[in-house]
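Novice: Would you mind keeping the following structure in view while I ask a few things?
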Amino acid sequence: MGGRLIAKAIGYRGKPLAVWDTTAGLGRDSLVMASLGCRVTSVERSPLLAAMLADGLRRAGADSKVGAVLRERLRLLEGDARELLGQVTEDERPDVVYIDPMFPPSGKSALAKKEMRVCRAVVGDDPDAGELFAVATRVARTRVVVKRWLRVPALCERPDIVYCGKTIRYDVYLPGLAKPATANL
């Protein structure tokens, strides 16, 4: 189900897209998008998570069944996505910029999955996610997708499209779509 929602959110309709996953973490969503046939640039600013992801990609790249496909469709960059996206030339602009900022703590007593607890311990929160969103909307050709929990507010503004799962949603912003002006009452 998660892969199907990601495909809808990024606008995948059988044609490979160029996608920048600007908060790659351990690469799960990047791998889903690459498995759809997209050309994915995964960006991770935490040196530790980037090293873990690079190691996983190196080992997966050695697999005889998926290695060639992974090496062809997925590349990893270590660094701040705001800066790296800002350096993209007009010809290199991705179709989609995907943002999965660290979710705010839920306040529930149940623990998050171990993988998420490890990521949070390593990278902390993403207080600059709004800045990344601003850069993403300038660079993305067709969509900016922001992954959020169902019950938390949108990252910045009201999304143009929303795809909901059981616990998460994908807020989709269409950069070329003019937003209606809001009146100051």
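The values are calculated or read from the model by the stated rules, or taken from the named source; none is laboratory data. Worth saying up front: this structure is predicted, and the values here are computed from it rather than measured. Neighbour counts run over all protein chains shown; Cβ positions are idealised from the backbone, glycine included.
Novice: So which pairs qualify, if the first residue must be in segment 3-16 and among the charged types (D, E, K, R), the second must be surrounded by 15 or more Cβ atoms within 10 Å (Cβ to Cβ), the Cβ gap must be under 8 Å, and the two must be at least 6 apart or on different chains?
Specialist: Partner pairs satisfying both residue conditions: Lys8/Tyr163; Lys8/Tyr170.
Novice: Looking only at segment 13-35, filter to residues that are assigned to a loop (DSSP other than H, G, I, E, B) and surrounded by fewer than 20 Cβ atoms within 10 Å (Cβ to Cβ); which one of those is nearest to the chain's Cα centre (by Cα)? It would help to see each step written out before you state the result.
Specialist: First, pick out the residues of segment 13-35 that are assigned to a loop (DSSP other than H, G, I, E, B): 13-17, 22-27.
Within this subset, residues satisfying the condition of being surrounded by fewer than 20 Cβ atoms within 10 Å (Cβ to Cβ) are 13-16, 26.
Details: Arg13: 18, Gly14: 19, Lys15: 19, Pro16: 16, Leu26: 11 Å.
It comes out as Leu26.
Novice: Suppose we keep only residues that are within 15 Å of the chain's Cα centre (by Cα) and outside any loop (DSSP other than H, G, I, E, B) within segment 36-48. Which one would you say is surrounded by the fewest Cβ atoms within 10 Å (Cβ to Cβ)?
Specialist: Arg39
Novice: Take segment 49-76 and flag every residue that is charged (D, E, K, R), closer than 24 Å to Gly11 by Cβ and part of a helix (DSSP H, G or I).
Specialist: So in segment 49-76, the residues charged (D, E, K, R) come out as 55, 58-59, 63, 65, 71-73, 75.
Next cut, closer than 24 Å to Gly11 by Cβ only: 72-73, 75.
If the condition is that a residue be charged (D, E, K, R), closer than 24 Å to Gly11 by Cβ and part of a helix (DSSP H, G or I), then Glu72, Arg73 are the ones that fit.
Novice: List the strands (runs of 3 or more DSSP E) inside segment 109-185, counting only whole elements, that have at least 3 residues being touching a Pro at 6+ places or on another chain (Cβ under 7 Å) and at pLDDT 60 or above. First the steps, then the outcome.
Specialist: Details: elements: 143-149, 161-164, 168-173.
So the answer is 168-173.
Novice: Now, a different point. Can you find a residue in segment 62-71 that is in contact with a strand residue (DSSP E or B) (Cβ under 9 Å, 6 or more places away or on another chain) and of a type outside the set (A, V, I, L, M, F, W, C)? Break it down stepwise before answering.
Specialist: We begin by selecting, within segment 62-71, every residue in contact with a strand residue (DSSP E or B) (Cβ under 9 Å, 6 or more places away or on another chain); these are none.
No, segment 62-71 contains no residue that is in contact with a strand residue (DSSP E or B) (Cβ under 9 Å, 6 or more places away or on another chain) and of a type outside the set (A, V, I, L, M, F, W, C).
Novice: Go through segment 51-104 and report how many residues are modelled with pLDDT of 90 or more and among the hydroxyl-bearing types (Ser, Thr, Tyr).
Specialist: 2
Novice: When you look at Glu44, is it modelled with pLDDT under 95 and acidic (Asp, Glu), yes or no?
Specialist: Values: modelled with pLDDT under 95: no; acidic (Asp, Glu): yes.
So Glu44 does not fit the description; no.
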